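Have a look at this one before I ask anything.
Bear in mind that the values in this text are calculations on the coordinates, not laboratory data. Small disclaimer: the values here were computed from a predicted structure and weren't measured. All Cβ positions, glycine included, derive from the backbone under ideal geometry; neighbour counts span all protein chains shown.
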Amino acid sequence: MTLLANTMADEAPCSSEYERGRREIGAYAEMVGIIEGTIYGHSLSISSSNICLSGTPKEKVQKIAKAFTSQGNAETTLEFDDVPSKKQATKFLERFFPCK
C-alpha cells in the first residue's frame, strides 16, 4: 500500500510540471506570433527601396515567420523588444528581405 501511495504522489508533480511546460511553450509561441505580426504591421508603413517583401498578407507573414525562426542560426542575432519598434522591424526586414 505504501508503494502505491508513493507512486501516486509522484504523478501529481510530474503532471503539474508537464502542464507548466505546456503553458510556457504556449506563451512563447504567442510572444513569437506577436513579434512576427508586429514586424508585418510595420512592413506596411515602411517605404524603403532596400526591402523587397512580396506576396499576399498571409504569404508575407509566413515569410517573416520563416526568417524569424532562421534568425537564431545567423552570425549576428537581432534583438527585439516584446513588441518590436519600427526601427527594429526595419533592420529585420532589410536583413532578410533585401532587394537584389
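Order of 85-95, 20-30, 51-61 by packing, highest average Cβ count within 10 Å first?
85-95, 51-61, 20-30
Gain in length, Ser54 to Tyr18, computed as 0.36 nm per residue apart minus the alpha-carbon separation, to one decimal in nm?
Stretched fully, the Ser54-Tyr18 segment lengthens by 8.9 nm.
In region 18-97, how many lysine pairs have Cα atoms under 17 Å apart, counting only pairs 8 or more places apart or on different chains?
5
What are the residues whose amide H is under 5 Å from the amide H of Ile51, where those residues sit 5 or more places off or on another chain and H is modelled from the backbone?
So Ile51 has HN proximity to Cys99.
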